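The values are calculated or read from the model by the stated rules, or taken from the named source; none is laboratory data. Bear in mind that the values here come from a model prediction, so they are computed numbers and not experimental data. Here the Cβ positions follow ideal geometry from the backbone for every residue, glycine too, while neighbour counts run over all protein chains shown.
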Amino acid sequence: MALPRVRVVTLNAALGPLDYRVPDGMAVEPGRVVVAPLGPRQLIGVAWEADRLKTEEVGDNRLRPLAGLVGVPPIPAPLRRLCEWTADYYLSPLAAVLRMVMPSSAALAGPRRLVEYHSTGAVPPRLTPQREQALSRIDGRQGTVRELAAHAEVSEAVMRGLVHAGALERIEVDGDQPFPAPDPGFAPPLLNAEQLQASDSLKQAIGRGFDPILLDGVTGSGKTEVYFEAIAEAIRQGKQVLVLLPEIALTEPFLTRFTARFGCEPVTWHSDLRSSQRRRAWRAIASGDARVVVGARSSLFLPYAKLGLIVVDEAHEPSFKQEEGVQYHARDVAVMRGHFEEIPVILASATPAIETRHMVEIGRYRELKLTERHGLAEMPAIRAVNLTQDPPPRGRWLAPSLVAELEANLAVGEQSLLFLNRRGFAPLTLCRTCGHRFQCPNCTAWMVEHRLMHRLACHHCGHVMPPPRLCPECGDEDSLVACGPGVERIADEVSALFPDARTAIVTSDTIWSPARAAEFVRAMDAGEIDIVVGTQLVTKGYHFPNLTLVGVVDADLGLQGGDLRAAERSFQQIQQVAGRAGRGDKPGRVLVQTHDPEASVIAALVSGDAPGFYAAETEARREAAMPPFGRLAAIIVSAEDKGDAEAVARRIGHAAPKVEGMAVFGPAPAPLAMLRGRHRQRLLVHAARKLDVQDVIRDWLGELEWGSKIRVAVDVDPYSF
Ligand code: ADP
Ligand code: ZN
């Protein structure tokens, strides 16, 4: 008789599924989290249906017994199906997907009681530079010695020294402390007629199976208020809800609104959690105690016990696309999760992606519309500023007409926002004498000057250098010039124009934590800021009633590069930032600086013809058989040695199968030809909608081998290329 055996998927992407013997008296159903021995190690894994996974058969005599079971609920079947689908669709190892379900084994098996520390505010008698750095960086933070040391970039010994010196205080944390339950009846809003219709329709969908819904409402129309009512209904029915946000920075305003509606905060999940918080949240999610979870895309794969609704807020945002590891699109995977869980999925956006609109057009998603801003707020008027006719003075970037509007807004005490999607002071530093440009040694990218932080930085790999005093090429002093503006330079220009105005720069450099975002919101609400200069970070989610003027510094910026989505992306971004203006009872106005007011994006924004713009873009995509009418996949080959990358890419190109409806372009240097010290070559696969392109690529690459120095990654449905 065959021994009782079980197939296990570990969290190690290099390993395929492994078979184990089930020891006498142990029952292991699929989904059960197990401890599996491998060599001298003990691995965490999940028991899987053996017939769903291919692996090498191992004889009974070579089977090792499982080492044990982990005391957490089994990974539910719908989530196992989602993991399989994700691995197949995005051509990734199942183990790599499973790591997103169980991101830290500490959360599973770690101790319940954790010892953490926080600063007492006391200054230690001996204040070394290391200690000073540690104390300033940990600020209000709490965590284990290891977490605080990593955060402050000092050794653990320095942290322990601070504990001994009394500068850090010990706290015991209970890793299983329950979360408060949101109350669906706490403070329901009074919805207007249009909102009521939409919210009724959403509420009726709860508990009735798979139902993908586009909630398409203009900025300020109350999309959040409306989907909150669907959340309330799901809570009443005893179900869990997941709300996906595109960035952590948006969490803080969301928490405030959620608390006002439901009486307590939801459970949050993002990369910045401490391990004790991670453990507590993971366990509450798996047990069903965490009723509402708000998180970044990584929260999509968590093992909810009784998920009843998924909301993807700002569903058009490109940051839902994961660009490393498993390269998935969280918006699309959210819909698939809804399918496997048999629950509704709400995609909320004022500027839905062409792909999403297309799904509505072909009847796969339904659409609920909100056409008006709530209350007295009106949609802002958008005006183009022609930089050719109304040019800024030399060395400046704000046109006289925009400056006049800023001045007028300051005079009446209203707030303004200048949008430029570029961090730092200047994107390029150049030597006037010899033409030398400061480039990143690891990437095909310029070093961006960050004057506030006194350095040049690469935005792709994080490489930094001190600001140069002389040209490394010709040795000239005083010959280096900053070319082009970043937000810091615009903020300088504003300060020069209006020395008394209070300005704030809002980028990921200044708003790096939820606490900083909260402080920014507080300062805006308190009227302590007159003019905000910000990147895309300020374009979404925020609601500042006294913000009435928005200036787009360079509307042409996003249109450079000729990317498939350039026009769509530009339109969405400007529409979103324009949506920050006039959300209260004072009307808003938007000035868009451009060299080409005739461009279709600008013309559509000014005339307010979003449907016309979308129709033209969709038609262009249809004609070129581009997504969503055709499919794309990028095969990226990278290696430290340029020749190695080129050789393997050529071999892959030669091996391309002839398949009807499929064309392969390249290899050619990838858009970032060098990234983090690796040379990158790309092959672009264009296929007909109906073709199972993953299957073709799997067979094609499966035949080939390359050394360990080469990395080959497939990006299915690439966002930008
Ligand atoms: P959107 O998400 O569509 O941009 P929000 O949900 O943020 O819109 O709503 C915009 C503003 O209007 C918010 O401050 C919100 O609280 C307010 N608001 C919307 N609908 C209502 C309502 N029915 N009653 C009270 N305030 C509302
Ligand atoms: Zn770099």
Anything in region 9-32 that is in contact with a strand residue (DSSP E or B) (Cβ under 6 Å, 6 or more places away or on another chain) and over 20 Å from residue 326 (Cβ atoms)? List them, or say none. 18, 19, 20, 21, 22, 23, 28, 30, 32
Sort out which residues of region 168-202 are crowded, with 18+ Cβ neighbours inside 10 Å, within 29 Å of residue 289 (Cα to Cα) and either among the aromatic types (Phe, Trp, Tyr) or modelled with pLDDT of 95 or more (or both), and write them in order of number. 179, 182, 184, 198, 199, 202
Of the numbered conditions (1) surrounded by 20 or more Cβ atoms within 10 Å (Cβ to Cβ); (2) farther than 23 Å from residue 321 by Cα; (3) of a type in the set (D, E, K, R), residue 569 fails exactly one; give the number of that condition. (2)
Tell me whether region 414-425 contains one or more residues that are exposed (fewer than 15 other Cβ atoms within 10 Å of the Cβ) and part of a strand (DSSP E or B). no
Count of residues meeting criterion [buried (at least 21 other Cβ atoms within 10 Å of the Cβ), closer than 19 Å to residue 330 by Cα and either of a type in the set (Val, Ile, Thr) or out of contact with any strand residue (DSSP E or B) (no Cβ under 6 Å at 6 or more places or on another chain) (or both)] in region 283-301: 8
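Among the residues of region 624-638, are any free of Cβ contacts under 8 Å to residues at least 40 places away in the same chain and not aliphatic (A, V, I, L, M)? Give the derivation first.
Of region 624-638, the ones free of Cβ contacts under 8 Å to residues at least 40 places away in the same chain are 624.
Subsequent filtering for residues that are not aliphatic (A, V, I, L, M) retains none.
Taking every residue of region 624-638 in turn, none turns out to be free of Cβ contacts under 8 Å to residues at least 40 places away in the same chain and not aliphatic (A, V, I, L, M).
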Subset of region 257-312 [of a type in the set (Lys, Arg) and farther than 21 Å from residue 144 by Cβ]: 257, 261, 291, 297, 306
Select from region 255-269 the residues that are of a type outside the set (Ser, Thr, Tyr) and surrounded by 19 or more Cβ atoms within 10 Å (Cβ to Cβ) and list them in ascending order. 258, 261, 262, 266, 267, 269
Pairs needed: first member in region 460-473, within 22 Å of residue 676 (Cβ to Cβ); second member anywhere, within 16 Å of ligand 1 (Cβ to nearest atom) and part of a loop (DSSP other than H, G, I, E, B); C-beta distance under 8 Å; at least 6 residues apart or different chains. none
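With in a helix (DSSP H, G or I) and more than 26 Å from the chain's Cα centre (by Cα) as the only criterion, which of 204, 177 stands out?
204
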Is it the case that region 572-591 has a residue that's more than 16 Å from ligand 1 (Cβ to nearest atom), in contact (Cβ under 8 Å) with a residue 12 or more places away in the chain and closer than 21 Å to residue 369 by Cα? no
Can you pull out the residues in region 453-462 that are surrounded by 14 or more Cβ atoms within 10 Å (Cβ to Cβ) and either closer than 26 Å to residue 504 by Cα or away from ligand 2 (no atom under 11 Å from the Cβ) (or both)? 453, 455, 456, 457, 458, 459, 460
Residue check: is residue 245 within 16 Å of ligand 1 (Cβ to nearest atom) and either farther than 16 Å from residue 187 by Cβ or in contact (Cβ under 8 Å) with a residue 60 or more places away in the chain (or both)? yes
Which condition number in (1) surrounded by fewer than 20 Cβ atoms within 10 Å (Cβ to Cβ); (2) at pLDDT 95 or above; (3) under 12 Å from the mean Cα position of the chain (by Cα) is the one that residue 331 fails? (1)
Can you go through 230, 234, 198 and tell me which one is closer than 28 Å to residue 355 by Cβ, part of a helix (DSSP H, G or I), more than 16 Å from ligand 1 (Cβ to nearest atom) and out of contact with any His (no Cβ under 6 Å at 6 or more places or on another chain)? 234
Suppose the filter is modelled with pLDDT under 95, away from ligand 1 (no atom under 16 Å from the Cβ), basic (Lys, Arg) and closer than 22 Å to residue 520 by Cβ; does residue 422 pass it? yes
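Can you go through 462, 413 and tell me which one is of a type outside the set (A, V, I, L, M, F, W, C) and at pLDDT below 90? Can you show your working first?
Numbers: 413 fails: at pLDDT below 90.
Checking each option against the conditions leaves just 462.
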Within region 501-608, which helices (runs of 4 or more DSSP H) (wholly inside it) include 2 or more residues that are at pLDDT below 95 and within 16 Å of ligand 2 (Cβ to nearest atom)? none
Residue count for region 426-452, restricted to those that are within 16 Å of ligand 2 (Cβ to nearest atom) and assigned to a loop (DSSP other than H, G, I, E, B): 9
List every residue pair whose Cβ atoms lie under 7 Å apart, where the two residues are 6 or more positions apart in sequence or sit on different chains, the first residue falls within region 151-167 and is surrounded by fewer than 21 Cβ atoms within 10 Å (Cβ to Cβ), and the second residue, located anywhere, is hydroxyl-bearing (Ser, Thr, Tyr). 163/117; 166/120
Look at region 357-382 and say how many of its residues are in a strand (DSSP E or B) and at pLDDT below 95. 2
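Take residue 484 and decide whether it is surrounded by 15 or more Cβ atoms within 10 Å (Cβ to Cβ), modelled with pLDDT of 95 or more and more than 16 Å from ligand 1 (Cβ to nearest atom).
No; evaluated as a whole, the condition is false for this residue.
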